[in-house]
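To start, the structure under review is shown below, and the notes come after it.
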Amino acid sequence: MNFLHYWRAMSGIIGRELWRFITQRERFISALVRPLIWLFVFAAGFRAALGLAITPPYETYILYEVYITPGLIGMIQLFNGMQSSLSMVYDREMGSMRILMVCPLPRWFLLLSKLLAGTFVSILQVYVFLAIAWFYDIHAPWQGYLWIMPTLMLSGLMLGALGLLMSSFIKQLENFAGVMNFVIFPMFFMSTALYPLWKMKESSALLANLAEYNPFSQAVELIRFALYGQFDQQAFFYTLGAFMVFMAAAIVGYNPSKGMMSKKGGA
Amino acid sequence: MGRSGKTMNTKTPSALCIEQLSYAYSGKKALDQVSFTIQPGECTLLLGPNGAGKSTLFSLITRLYDSRDGQISLCGYDIKRQTQLALAKLGVVFQQSTLDMDLTVMQNLLYHTALHGIARKVALPRIQQELERLNMFDRRFEKIRQLNGGHRRRVEIARALLHKPALLLLDEPTVGLDVPSRLAIVDYVHQLAVEENLAVLWASHLIDEIYPDDHLVVLHKGSVKANGSVSEVLATTKCASIKEAFYNLTQGETS
């Protein structure tokens, strides 16, 4: 198969997703409101309750708002990953997923394109969020804003692949709410997004351990360090590994002969 | 059933060839040893009541599911081993609308041509041609949401033809449409088969969508009850009308 075909299909898929996101104003706004509420309300209220020591990558004492900003970036991507997989379950029920699946390209490539499309949308959201946060006096070195770009690609792909994997297991849209509760909330709260690991250790060693090995934590740490121009190697390989595992499982999940699709009555 | 597989070795392969296809959902048989072929230019009506296995068959042809037993080939390409070559020959109109409601007609069609790797400068005249044939070209910049059911269907048929498939699959495409829209679509698809030498597989449970020259496959409870031209089916069932034949073939069965 020729390269141009792949290229055209991928840009078609990404272009469609971006266009849809930009034209759906409500979706754009609600994607922003969530992290902003966390930043303006939760972080402001929580600031007094949590004392932060100086830990890398920070070189001075920081406000809690500054600490949770990378966590909220991760949150944007986590929700976006889940949302795009939710839309895939919806697409599958409504049939537009079928149009994608009957086009003459390998399924892994179509899934990857869909994933990239969702990741680009999340990156767009993140930059708008960071711009608003900038006016709220949350500043990172300017190089940090560039460094997080590739980081966001990887973390977005990882979280998107997780969503994709889940969408391959979920038969109906209704079941999705449950999975959101069982995946999004534990992942978000059991991570370093809201509180640093050492702080968690003070209250529960088990929780700290769970948080440490949570791929979402690793993605957040990768973003946190990148925002300050540093490269967290362990977080990078951990996130990359998680992406590959989730992606491979999702491809199997969408394979008509091996995956869950064949075990389901409807599609 | 005599038609199954007989053209496999001839020079031009059948547009669609299904051989001994079986499929089960958790032990319950949805398709049982289904075999039939469709030649280019032939309009085949797949008739069957609800639950006959039509949708399962379509899911297998479009490779949403995989069949362990039996074989499906499109234009000689095995759907399992040469998936992409086979899918490139296939145009599909699904039962439910698969258009993006918030995009325009043009955007929907361009998305489809992108998925099929068609360059924009090739795609645009094709889109114009297909839309003009269906009197939809003037509405190309309207959002799908603004179109009525019949017009949406026309867009979907136009879309299914953009990559010049050899086989057009339609899964009950006239469900929910008013009579004039329905007749227009039935007529248009029959015309396509003749003029474009397109093979058509049309799933339906509506008898009046059958034309006298059509090829009929009657599916009931997962197996083929009749397979042949309208006159052949009438002769074998000794019925005066297709309605009667369909009724006889699909009632009182305990397969």
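Restricting attention to the range A:37-62, the residues being assigned to a helix (DSSP H, G or I) and either in contact with a Pro (Cβ under 7 Å, 6 or more places away or on another chain) or buried (at least 17 other Cβ atoms within 10 Å of the Cβ) (or both) number 3. Here A:Phe79 clears all of (1) closer than 25 Å to A:Leu146 by Cβ; (2) not in a helix (DSSP H, G or I) except the condition numbered (2).
For the range B:185-200, indicate whether the set of residues that are part of a strand (DSSP E or B), within 23 Å of B:Leu31 (Cα to Cα) and either among the polar types (S, T, N, Q) or in contact with a strand residue (DSSP E or B) (Cβ under 7 Å, 6 or more places away or on another chain) (or both) is non-empty. Yes, the range B:185-200 has at least one match. Here B:Gly48, B:Gly70, B:Gly27 are screened, and the one residue that is more than 24 Å from A:Ser96 (Cβ to Cβ), out of contact with any strand residue (DSSP E or B) (no Cβ under 6 Å at 6 or more places or on another chain) and not hydroxyl-bearing (Ser, Thr, Tyr) is B:Gly27. You will find that of B:Leu162, B:Leu167, the residue that is surrounded by 15 or more Cβ atoms within 10 Å (Cβ to Cβ) and either among the polar types (S, T, N, Q) or under 18 Å from B:Lys54 (Cα atoms) (or both) is B:Leu167 and no other.
Residues are listed down the side, and each one gets a yes or a no for (1) at pLDDT 90 or above; (2) under 15 Å from the mean Cα position of the chain (by Cα); (3) of a type outside the set (S, T, N, Q):
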| site | (1), (2), (3) |
| --- | --- |
| A:Asn214 | yes, yes, no |
| A:Ser217 | yes, yes, no |
| A:Phe225 | yes, no, yes |
| A:Gly229 | no, no, yes |
| A:Thr239 | yes, yes, no |
| A:Ala242 | yes, yes, yes |
| A:Ile251 | no, no, yes |
| A:Gly259 | no, no, yes |
| A:Ser262 | no, no, no |
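Looking only at helices (runs of 4 or more DSSP H) that fall completely inside the range A:175-255, which ones have 1 or more residues that are more than 14 Å from every other protein chain (Cβ to nearest Cβ) and surrounded by fewer than 21 Cβ atoms within 10 Å (Cβ to Cβ)?
On the way: elements: A:197-203, A:205-213, A:215-227, A:233-254.
Those helices (runs of 4 or more DSSP H) span A:197-203, A:205-213, A:233-254.
Each residue in the range B:170-183 was checked for being aliphatic (A, V, I, L, M), closer than 20 Å to B:Leu99 by Cα and surrounded by fewer than 22 Cβ atoms within 10 Å (Cβ to Cβ), and 2 pass. If you go through the range A:72-122 and keep only what is over 18 Å from A:Ala242 (Cα atoms), away from chain B (no Cβ under 14 Å) and not β-branched (Val, Ile, Thr), you end up with A:Leu72, A:Gln83, A:Ser84, A:Leu86, A:Phe120, A:Ser122. Do we have any residue at all in the range B:97-109 that's in contact with an Asp or Glu (Cβ under 9 Å, 6 or more places away or on another chain), surrounded by 15 or more Cβ atoms within 10 Å (Cβ to Cβ), in a loop (DSSP other than H, G, I, E, B) and away from chain A (no Cβ under 14 Å)? Among the residues of the range B:97-109, not one is in contact with an Asp or Glu (Cβ under 9 Å, 6 or more places away or on another chain), surrounded by 15 or more Cβ atoms within 10 Å (Cβ to Cβ), in a loop (DSSP other than H, G, I, E, B) and away from chain A (no Cβ under 14 Å), which makes the answer no.
How about the range A:116-149: which of its residues are among the small types (Gly, Ala, Ser) and outside any helix (DSSP H, G or I)? Give the derivation first.
If we filter the range A:116-149 for residues that are among the small types (Gly, Ala, Ser), which is where we start, we get A:117-118, A:122, A:131, A:133, A:140, A:144.
Across the range A:116-149, the qualifying residue is only A:Ala140.
Against the conditions (1) surrounded by 14 or more Cβ atoms within 10 Å (Cβ to Cβ); (2) within 14 Å of chain B (Cβ to nearest Cβ); (3) within 30 Å of B:Gly117 (Cβ to Cβ), A:Phe28 satisfies every one except (3). Scanning the range B:212-226 finds one or more residues that are on the phi > 0 side of the Ramachandran plot and not in a strand (DSSP E or B).
Listed here are the residues, each with its yes/no results for (1) touching a residue at least 24 places away in the same chain (Cβ under 8 Å); (2) more than 8 Å from chain A (Cβ to nearest Cβ); (3) part of a helix (DSSP H, G or I); (4) surrounded by 19 or more Cβ atoms within 10 Å (Cβ to Cβ).
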residue: B:Leu46; (1), (2), (3), (4): yes, yes, no, yes
residue: B:Asn50; (1), (2), (3), (4): yes, yes, no, no
residue: B:Ser55; (1), (2), (3), (4): yes, yes, yes, yes
residue: B:Phe58; (1), (2), (3), (4): yes, yes, yes, yes
residue: B:Leu64; (1), (2), (3), (4): no, no, no, yes
residue: B:Gly70; (1), (2), (3), (4): yes, yes, no, no
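Kindly evaluate B:Gly117 against the criterion of being in a strand (DSSP E or B) and within 17 Å of A:Met101 (Cα to Cα). The answer is no for B:Gly117.
Residues that are within 11 Å of another protein chain (Cβ to nearest Cβ) and more than 16 Å from B:Ala119 (Cα to Cα) were ranked within the range A:1-20; the one that is modelled with the highest pLDDT is A:Ile14.
B:Asp138 - would you say it is among the acidic types (Asp, Glu), surrounded by fewer than 17 Cβ atoms within 10 Å (Cβ to Cβ), assigned by TED's automatic domain parsing to the domain that holds B:Ser59 and at pLDDT 90 or above? Answer is no for this residue.
The values are calculated or read from the model by the stated rules, or taken from the named source; none is laboratory data. On a predicted model such as this, the values are computed, not experimentally measured, just so you know. Here the Cβ is made from the backbone with ideal geometry for all residues, glycine too, and neighbour counts use every protein chain on show.
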